[in-house]
Amino acid sequence: MRKAWVAAGIAVSSALVLVMLLVVGVYVVAGNLVNGAGGGAAKTLAKGSVPAAYQALVQKWGNRCPAINPALLAAQLYQESGFNPKAQSHAAAQGIAQFIPGTWATHGIDGDGDGDRDVWDPADAIPSAAAYDCALASYVKDVGGNLTENMLASYNAGAYAVIKYGGVPPYAETQNYVKRILALEKSFAAPVGRVDPSRQAAGAIAYAQKKLGTLYLWGGNGTPEHGGRFDCSGLTKAAYESVGITLPRVANDQYNAGPHPGRDELLPGDLVFFSDDLTNSRAIRHVGIYVGGGYMINAPRTGAVIRFDPIDTPDYFGATRVTEDGAKALPTTV
């Protein structure tokens, strides 16, 4: 029995040493790659970032004009409704693209050619959103500055305001809207180059490490009323909150907090996600913090404790490299 305990202790110690080495490596890599990420407009959607039922529509109509691209269109739809075709706001905005009735009457199109224009049907609403974006772009094409930024500002404040001010108008709401959509675009785009590492990653891992052995609690946020216990997304939220980044509460929204490195590009601190539907990020049901060597720290399930687990399982969905801008861009409710 004593030999078994000694062996277990050596294994755990080795794992912790490995984690600390990998955490140090985050800073080394961060220093080397500050200027490493590629740029340019994204034309391909990240894996599963758009529900499979809408992916072809977003990919097709997102290339309707030079001012938009599929990832930008996806970011708008997520910001507006969280891809919910039944969404309705207090301002009477309707459907997956959140058209108000007056705008729909003018700019709604029959996207699927079935003879009607239905704001509740994504096959009409998604093409209409793209067509409306492109119409706005045409209205402000002669305004100085970035055409896509001016188009987004027109969507929020009206083309007349963009024309009046010669670009994005000095309205805080409009400026924030443009910034949020452009940040979210990176979350919906398949990376075309290296993804910059997060400088906060090591701190998030250090926080999660201190919670190893803590019993899982569904809905747990680690607060005193929860006995310091967490569920999976409560742990990741608290870990990044400890380094000044506020994530949404649920795992499927945390997926949109930054770009998505491939499996062979993972770095310690990346969030790793798991789902029974590998085509739809909205179906994600579990999240952990990658620590390197194919392992994560996670709060697995009721009856288990926060621990190291392997990530290479059949339900592995993908990863997100959390960024401050990406987290700030996420809507509070979708």
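The values are calculated or read from the model by the stated rules, or taken from the named source; none is laboratory data. Please read all numbers here as calculations on a predicted model, not as lab measurements. All Cβ positions, even for glycine, are placed from backbone atoms using ideal geometry, and neighbour counts span all protein chains on display. Just the protein is used for accessible areas: all its heavy atoms, side chains included, with ligands, DNA and RNA removed. Shrake-Rupley method; radii C 1.70, N 1.55, O 1.52, S 1.80 Å.
Cα centroids of region 230-244 and region 169-209: 17 Å apart. Kirkwood's formula applied to the C-alpha pairs of region 122-203 gives a hydrodynamic radius of 14.3 angstrom. Rounded to the nearest Hz, the phi-derived 3J(HN,Hα) couplings of region 311-328 under the Karplus curve 6.51 cos²θ - 1.76 cosθ + 1.60 (θ = phi - 60°) are 9, 7, 10, x, 9, 5, 9, x, 9, 9, 9, 5, 10, 4, 5, x, 5, 5, where x marks glycine and proline.
Taking a span of 20 Å or more along the helix axis (Cα atoms) and a mean Kyte-Doolittle hydropathy of at least -0.5 as the rule, the DSSP H helices of the chain that qualify are 2-32, 122-139, 172-188.
With the Cα gyration tensor of region 81-153 in hand, give its eigenvalues times 5 under a square root as the equivalent ellipsoid semi-axes, listed largest first in whole angstrom.
Values: eigenvalues 108, 42, 21 Å².
Equivalent ellipsoid of region 81-153: 23, 14, 10 Å, largest first.
For the chain, taking a cut-off of 4.7 Å between Cβ atoms, the unpaired cysteines are Cys232. Accessible surface computed residue by residue for region 220-310, with neighbouring protein chains in place and a 1.4 Å probe, gives 35 Å² per residue.
Between their Cα atoms, which of Lys179/Lys211; Lys141/Lys186; Lys47/Lys164; Lys86/Lys164; Lys60/Lys179; Lys47/Lys328 are more than 32 Å away from each other?
Values: Lys179/Lys211 35 Å; Lys141/Lys186 24 Å; Lys47/Lys164 40 Å; Lys86/Lys164 35 Å; Lys60/Lys179 24 Å; Lys47/Lys328 22 Å.
Correct reply: Lys179/Lys211; Lys47/Lys164; Lys86/Lys164.
Phi angles of region 89-106 translate, via the Karplus equation with coefficients 6.51, -1.76, 1.60 and θ = phi - 60°, into HN-Hα couplings of 9, 5, 8, 6, 5, 10, x, 4, 9, 6, 7, 7, x, x, 5, 4, 4, 8 Hz per residue; Gly and Pro are given as x.
Annotation: amide H-H contacts under 5 Å for Gly318 (H modelled 1.01 Å from N, sequence separation of 5 or more, or interchain): Phe273. 3J(HN,Hα) along region 165-171, derived from phi through the Karplus expression 6.51 cos²θ - 1.76 cosθ + 1.60 where θ = phi - 60°, amounts to 9, x, x, 4, x, x, 9 Hz, with x in place of Gly and Pro.
Expressed as a whole percent, the accessible area of the chain that falls on carbon and sulfur atoms is 56 (1.4 Å probe). Between amide H atoms placed 1.01 Å from N, distances below 5 Å from His286 occur with Phe274, all of them 5 or more places distant or on a separate chain.
Dividing the Cα radius of gyration by the Kirkwood radius, what Rg/Rh value follows for region 35-146? It would help to have the intermediate numbers written out before the result.
Working: Rg = 14.4 Å, Rh = 14.6 Å.
When Rh is taken as the Kirkwood radius, the ratio is 0.99.
Separation of region 307-331 from region 124-150 is 32 Å, based on Cα centroids. Over region 64-148, accessible surface divided per residue gives 40 Å², non-protein components excluded, 1.4 Å probe. Taking all protein chains as shown and a probe of 1.4 angstrom, Asp325 keeps an accessible surface of around 80 Å².
For Ala283 and Lys210, what is the calculated FRET efficiency with R₀ set at 30 Å and r taken between the beta-carbons, to the nearest 0.05?
Values: r = 31 Å, r/R0 = 1.03.
So, using R0 = 30 Å, E works out to roughly 0.45.
Once mean projected area of the Cα convex hull in nm² is calculated for the structure shown, the corresponding label among [x] 19.1; [y] 16.1; [z] 23.1 turns out to be [x].
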